[in-house]
Amino acid sequence: MTLKLGVIGAGAIGQDHIRRCMQTLSGGRITAVNDINSETAASAVRKYAVDATVVLDPHTLIRSNDVDAVIVTSWGPSHEEFVLSAIETGKFVFCEKPLATTADACRRIVDAEMKHGQRLVQVGFMRPYDPGYRALKAVVDSGKIGDPLMLHCAHRNPRVGKYYTTDMAITDTLIHELHVLRWLLSDDYISAQVIYPRKTSQALAHLRDPQIALLETAKGTRIDVEIFVNCQYGYDIQCEIVGELGIARLPEPSAVPLRSQAARSEAILTDWKERFIGAYDIEMQDFIDGVREGKLRGPHAWSGYCAAVAADACVAAQTSGAVVPIDLPAQPAFYA
Ligand SMILES: NC(=O)c1ccc[n+]([C@@H]2O[C@H](COP(=O)([O-])OP(=O)(O)OC[C@H]3O[C@@H](n4cnc5c(N)ncnc54)[C@H](O)[C@@H]3O)[C@@H](O)[C@H]2O)c1
């Protein structure tokens, strides 16, 4: 049986997921699309899913008999409402990161899911599906570089729009690292600090950019993550792990080394959709397969909650400048 999927939020990633479900993946098709702007939903349907219906009310879409599972790709602050509604209806839901924009909101989702008694939520953290991150984790887990002592990471975007605010550098951007580094190290954060280098002239007046997040883990590993969302030159994700016996780096996406006009060069991607295209494909196929088998395997709501607890600490650290402790409760057996 082909899974009927309903999408809430038909912007950049919503459209990209609609396209991959309809053109690349198997086992699912888009049957309903909602967006707060109905013309945006209609345009996505015209482009990628001509048989789907534009549904004006998101809660009607969630309850619809024409929808077996829900994909939430609207703005972060609206995620909690839609995920809770899907859980209440007993439907599987894929929610783009962040699961919600605060730890309290994520906790309400975790509590609702545990009360329901079965995992229904997969969070759109796609990096653990990326072959580069998987290879890096295999090296760490093999012990080849010994215990990780320090991580130097960077999350750079060419530019951001006027609605991007200083706290979004944490809740919308760093949230990827907060999730993936915990997974990579099999460790938990215990503190966070945020410092601001000299501000780039390329950022709008309201935005502090770049920023550096400094994290400490329970095992004592120190992590620095540069968040620079108006770097101009490309979409560039870096991760270097310094271990006791050696150094491991996240592989660069492959590019043709070029010799031309008296210079050697390699192109750098500028679009996040391209940088992680393979990971998004595997991630969404895993969601579709998991729903069809009645058992999700991808990043769970608890990992979304843990990332949000760390994000809350970073947001507090942005204003206080202090080192903010991070205290995570033990993982419930439900999420083992
Ligand atoms: N996993 C990733 O790498 C990745 C990449 C990009 C975006 N995202 C996440 O996906 C989400 C959407 O990001 P985007 O870049 O597509 O943004 P976008 O602004 O391009 O699209 C969001 C869409 O949601 C709609 N929307 C907003 N509030 C809504 C509501 N209450 N009900 C229905 N529709 C609503 C907007 O009209 C817009 O069309 C964000 O949470 C973002 O962090 C994840």
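The values are calculated or read from the model by the stated rules, or taken from the named source; none is laboratory data. The shown structure was predicted, so the numbers you read here are calculated from the model rather than taken from an experiment. Neighbour counts are summed over all protein chains in view; Cβ atoms, including those assigned to glycine, are modelled from backbone coordinates with ideal geometry. Only protein heavy atoms, including side chains, enter the accessible area calculation; ligands, DNA and RNA are left aside. Shrake-Rupley method; radii C 1.70, N 1.55, O 1.52, S 1.80 Å.
Side notes on the structure shown:
- Subset of region 243-261 (residues that are open to solvent by 60 Å² or more (accessible area, probe 1.4 Å) and not β-branched (Val, Ile, Thr)): 244, 245, 249, 251, 252, 254, 257, 258, 259, 261
- Residue 123 being within 21 Å of residue 330 (Cα to Cα), aliphatic (A, V, I, L, M), within 13 Å of the ligand (Cβ to nearest atom) and buried (at least 20 other Cβ atoms within 10 Å of the Cβ): yes
- Residue selected from region 81-116 under the condition among the acidic types (Asp, Glu), away from the ligand (no atom under 11 Å from the Cβ) and open to solvent by 20 Å² or more (accessible area, probe 1.4 Å), by the criterion nearest to the chain's Cα centre (by Cα): 104
- In region 43-58, the residue that is nearest to residue 78 (Cα to Cα) out of those that are more than 10 Å from the ligand (Cβ to nearest atom) and part of a helix (DSSP H, G or I) is 45.
- Residue within region 201-217 that is in a loop (DSSP other than H, G, I, E, B), on the phi > 0 side of the Ramachandran plot and in contact with a strand residue (DSSP E or B) (Cβ under 7 Å, 6 or more places away or on another chain) present: no
- The condition (being free of Cβ contacts under 8 Å to residues at least 60 places away in the same chain and either under 15 Å from the mean Cα position of the chain (by Cα) or closer than 28 Å to residue 187 by Cβ (or both)) is satisfied by just one residue among 147, 167, 172, 141: 141.
- Sole exception among (1) assigned to a strand (DSSP E or B); (2) open to solvent by 60 Å² or more (accessible area, probe 1.4 Å); (3) closer than 25 Å to residue 131 by Cα for residue 190, by number: (3)
- Answer from 24, 40 - the residue that is more than 8 Å from the ligand (Cβ to nearest atom) and among the polar types (S, T, N, Q): 24
- Residues that are within 16 Å of the ligand (Cβ to nearest atom), more than 14 Å from the chain's Cα centre (by Cα) and buried (at least 21 other Cβ atoms within 10 Å of the Cβ) within region 268-309 comprise just one, 287.
- Hey, residue 29 in contact (Cβ under 8 Å) with a residue 24 or more places away in the chain and open to solvent by 60 Å² or more (accessible area, probe 1.4 Å) or not: yes
- Residue count, region 136-181 (criterion: over 24 Å from residue 74 (Cβ atoms) and either open to solvent by 50 Å² or more (accessible area, probe 1.4 Å) or touching a strand residue (DSSP E or B) at 6+ places or on another chain (Cβ under 7 Å) (or both)): 19
- All of (1) under 27 Å from residue 27 (Cα atoms); (2) open to solvent by 60 Å² or more (accessible area, probe 1.4 Å) hold for residue 330 with one exception: (1).
- Scanning region 200-251 for residues that are among the charged types (D, E, K, R) and touching a helix residue (DSSP H, G or I) at 6+ places or on another chain (Cβ under 8 Å) gives 208, 209, 219, 249.
- Residues considered: 165, 171, 200. Of these, the only one that is touching a Leu at 6+ places or on another chain (Cβ under 8 Å) and of a type in the set (Val, Ile, Thr) is 165.
- The residues in region 1-21 that are in a loop (DSSP other than H, G, I, E, B) and within 12 Å of the ligand (Cβ to nearest atom) can be counted, and the count is 3.
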